[in-house]
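**Student:** Structure incoming, see below.
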Amino acid sequence: MTSFTKKEYEFLKELGIGPQNLGCYVNGTWKATGPVISTVNPANNQIIAEVVEASAQDYEEGMSACAEAAKIWVQVPAPKRGEIVRQIGDALRANLQEFGRLVSLEMGKILPEGIGEVQEVIDMCDFAVGLSRQLNGSVIPSERPNHMMLEMWNPLGIVGVITAFNFPCAVLGWNACIALVCGNCVVWKGAPTTPLVTIAMTKIVASVLEKNNLPGSIFTAFCGGAAVGQAIAMDTRIPLVSFTGSSKVGLAVQQTVSQRFGKCLLELSGNNAIIIMDDADIKLAVRSVLFAAVGTAGQRCTTCRRLLVHESIYEKVLEPLVDVYKQVKIGDPLEKGTLLGPLHTRTSRENFEKGIHNIKSQGGKILTGGSVVESEGNFVHPTIVEISSKAEIVKEELFAPVLYVMKFKTFEEAVEINNSVPQGLSSSIFTRNPDNIFKWIGPQGSDCGIVNVNIPTNGAEIGGAFGGEKGTGGGREAGSDSWKQYMRRSTCIIILITQCLNLITFYADLLGLFPTIAVQSTMGVNYHWLKESILASEIDSDTPVSLVNSACKVLMIDPESLK
């Protein structure tokens, strides 16, 4: 029994969502022959709608069509591909409010975050449009005369994108917008718990492809679980697989893809720290920590999970932070004024409770929160825990609004704590000291992929490359030169055959080897002028015949053919 007839769900019809939905877009049509699942609202755990997932047959049909579409898409000029992505961005703009509302409804993040996530995809479309005219190679000086050396960037063919529930459309945007302008087709498996977002996003992309008379299979989408993800990882037709999720699953995906010599782009777990030095702006730091630790109910990969505070200001930071935590409004993410929505699933709520138990067993002291909210939904209280940086649980990613706080004495100690965890996504320091700032962003500072100063660990901009080191996977998405991961690089050396033939002909004639060569020379009048010039008179008449013969050998030319 779904809640689809509720008045607050009427907007879903504008996105093409109904009470029952086919969850595969294959070969330009909607179909699905797999199991039927229900998607639920995490605020009350009531069913929103039903979705038919992909079967193995659906997957193979979709991939076969996608492989054929890749032969067409690769021939479309990059700026034309950019125009298609621009139209996708415009279609998203026209549906921004409704789509953002769907993200909030199905994922559980508050409405401003849901709308902001869709806006991020729009921004990625804009970025990719400009990029489509800047997929530049390089011309490299060759050490050999009459040779040219250059780099060419060509499409991979098909890019597989496996996304997670916490950013059900933004991560797709980071990957697909770039992959498409680079000339690749896209195969997308959305998170199994956010299938409506997957369907709505695909319908928007499909409408643009259809409007431009392009094969729908340029963008292929599957709703499904681990079996579809495993199929993508094993598929030799997919040279690059972008995976977002836990480090444990990401490692398994990487091993599978590597066994077939494919490439992986991994965006995995984060265990991000904010350092507050003794000279920091405390008010700014406290606001930033709240935003970074509580936003999206602690379910961002860039969520602040560890707070390192200089011992001299520890109480000055902790007191106002605990106070604002107690004021956070928890509730329906679609309601105005809500700051903390639910965790995404009942399992997430159970993991929160298990995490709190483990924290206490490892000596953690709960300063505020630490319990679930008794309701039909998956709500929990935002939590601050005082704990040692050496506790084992601190090295794990508890995907919930739980913040570990700890003291430090020196900058060097703070950096050591920051770098002591297996993950390496995002990090931040609050300080006014230029020495500490430049140490922090340098080789003796943070070992993360994102290294911020006086702003929180979250809120990355699309213009920069997004990703992390160590257990975070090492991948880079979105801006900077991340596009290079979606293409293959060829180093090309070109010898200018006509010019080399001219040179051989010129020297051979000067040596008197081939008297009839002047008639065949492509240098025409310039040849005759050069022969009579000072240059010709400076040529050593004793130059051995082997000079010409050697040059012909390099060029694989029969010297007799020049006569």
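The values are calculated or read from the model by the stated rules, or taken from the named source; none is laboratory data. Please read all numbers here as calculations on a predicted model, not as lab measurements. We place every Cβ from the backbone using ideal geometry, glycine too, and count neighbours over all the protein chains shown. Note: accessible area is taken over every heavy atom of the protein model, side chains too, but ligands, DNA and RNA are not part of it. Shrake-Rupley method; radii C 1.70, N 1.55, O 1.52, S 1.80 Å.
**Student:** Using protein chains only and a probe of 1.4 angstrom, how many square angstrom of LYS354 are accessible, to the nearest 10?
**Tutor:** 120 Å²
**Student:** On a 23 Å Cα-Cα criterion, which of the cross-link pairs LYS248/LYS395; LYS316/LYS407; LYS7/LYS109 come out too long? Before the final figure, lay out each step's value.
**Tutor:** Working: LYS248/LYS395 14 Å; LYS316/LYS407 12 Å; LYS7/LYS109 20 Å.
Flagged as over cut-off: nothing, all pairs pass.
**Student:** Something else: Which shape class, rounded, prolate or oblate, goes with the range 2-128 when its Cα gyration tensor gives a ≥ b ≥ c as root eigenvalues, a/c under 1.5 marks rounded, and past that a/b bigger than b/c marks prolate? Write down the numbers at each step before the final one.
**Tutor:** Working: a/c = 2.66, a/b = 1.24, b/c = 2.15.
Oblate, because a/c is 1.5 or more while a/b does not exceed b/c.
**Student:** With the Cα gyration tensor of the range 34-102 giving a ≥ b ≥ c as the square roots of its eigenvalues, does the rule (a/c under 1.5 for rounded; else a/b larger than b/c for prolate; else oblate) give rounded, prolate or oblate? The partial results should precede the final answer.
**Tutor:** Details: a/c = 5.62, a/b = 1.33, b/c = 4.22.
The shape class here is oblate.
**Student:** Under a straight-distance cross-link criterion of Cα-Cα below 13 Å, which aspartates and glutamates are reachable from LYS365, leaving out those fewer than 8 residues away in the same chain?
**Tutor:** LYS365 reaches GLU386.
**Student:** Here are a few candidate values for Rg and Dmax of the Cα atoms in Å: (i) 23.6, 74; (ii) 25.2, 86; (iii) 30.1, 101. Which one was actually calculated from the structure I just gave you?
**Tutor:** (iii)
**Student:** Before I look further, what does the range 51-198 give for accessible area per residue, probe 1.4 Å, in whole square angstrom? Don't skip to the end; give the middle numbers.
**Tutor:** Details: 4980 Å² over 148 residues.
About 34 Å² of surface per residue is accessible.
**Student:** Excluding GLU83 itself, what net charge comes from residues whose Cβ is under 12 Å from its Cβ, given Lys and Arg +1 and Asp and Glu -1? Display every interim value, and only then the final one.
**Tutor:** Details: positive: LYS80, ARG81, ARG86, ARG133, LYS211; negative: ASP90.
That sum, taken over residues with Cβ under 12 Å, equals +4.
**Student:** Can you send over the solvent-accessible area of THR236, 1.4 Å probe, protein chains only, in Å² to the nearest 10?
**Tutor:** The accessible area comes out at roughly 110 Å².
**Student:** Within the set of other residues whose C-beta is less than 15 Å from the C-beta of ASP58, count the net charge using Lys and Arg as +1 and Asp and Glu as -1. Intermediate values should be presented prior to the final figure.
**Tutor:** Details: positive: LYS31, LYS189; negative: GLU53, GLU60, GLU61, ASP235.
That sum, taken over residues with Cβ under 15 Å, equals -2.
**Student:** Using only protein heavy atoms and a 1.4 Å probe, report how much of TRP30 is accessible, in Å² to the nearest 10.
**Tutor:** The accessible area comes out at roughly 70 Å².
**Student:** In the range 424-475, carbon and sulfur make up what percent of the accessible area (probe 1.4 Å)?
**Tutor:** Values: 1160 of 2200 Å².
Summing carbon and sulfur atoms, their accessible area is 53 percent of the total for the range 424-475.
**Student:** Sticking with this one: State the antiparallel share, in %, of DSSP beta bridges confined to the chain, rounding to the nearest 5. Working shown, then result.
**Tutor:** Details: 30 of 74 bridges.
Of those bridges, close to 40 percent are antiparallel.
**Student:** May I pose another question? Count the net charge of all other residues whose Cβ sits under 15 Å from the Cβ of GLU477, scoring Lys and Arg as +1 and Asp and Glu as -1.
**Tutor:** Values: positive: LYS263, ARG300, ARG476, LYS484; negative: GLU117, GLU120, ASP123, GLU267, GLU461, GLU469, ASP481.
Overall, the nearby charge balance is -3.
**Student:** Could you work out what % of the accessible surface of the range 134-243 is carbon and sulfur, using a 1.4 angstrom probe and leaving DNA, RNA and ligands out of the count?
**Tutor:** On the way: 1940 of 3400 Å².
Carbon-and-sulfur percentage of accessible area, whole number: 57.
**Student:** Counting only protein heavy atoms and using a 1.4 Å probe, what share of the accessible area of the range 312-402 belongs to carbon plus sulfur, as a whole percent?
**Tutor:** Carbon with sulfur: 48 percent of the solvent-accessible area.
**Student:** Also: Can you tell me which lysines have their Cα less than 29 Å from the Cα of LYS71? Leave out same-chain residues fewer than eight positions away.
**Tutor:** Hits, sequence-local ones excluded: LYS31, LYS80, LYS189, LYS203, LYS211, LYS263, LYS484.
**Student:** Sticking with this structure for a sec: Highest mean first, how do 91-100, 212-221, 302-311 rank when packing is the count of other Cβ atoms within 10 Å averaged over residues? Display every interim value, and only then the final one.
**Tutor:** Values: 91-100: 18.0, 212-221: 21.0, 302-311: 23.8.
The peptides rank, most packed first, as 302-311, 212-221, 91-100.
**Student:** Also, I was wondering about something else. To make sure I understand the rule: partners must be aspartates and glutamates, Cα under 19 Å from the Cα of LYS390, and not fewer than 8 residues away in the same chain. Which ones qualify?
**Tutor:** GLU311, GLU412, GLU413, GLU416, ASP447
**Student:** While we're here: Per residue, how large is the accessible surface of the range 340-415? Use a 1.4 angstrom probe and give square angstrom. Intermediate results must be reported in sequence, preceding the final value.
**Tutor:** Details: 3400 Å² over 76 residues.
That works out to 45 Å² per residue.
**Student:** Based on the Cα coordinates of the range 298-457, what is the per residue volume of their convex hull in Å³? Before the final figure, lay out the partial values.
**Tutor:** On the way: hull volume 19.3 nm³, N = 160.
Roughly 121 Å³ of hull volume per residue.
**Student:** So, for the range 256-311, what is the accessible surface per residue at a probe of 1.4 Å, expressed in square angstrom? Display every interim value, and only then the final one.
**Tutor:** Numbers: 1660 Å² over 56 residues.
Here the residues of the range 256-311 average 30 Å² of exposed surface.
**Student:** Which of the three applies to the range 264-346, rounded, prolate or oblate, going by the alpha-carbon gyration tensor with a ≥ b ≥ c and a/c under 1.5 meaning rounded? Each step should come with its number before you reach the end.
**Tutor:** Numbers: a/c = 2.77, a/b = 1.27, b/c = 2.18.
Cα axes put the range 264-346 in the oblate bin.
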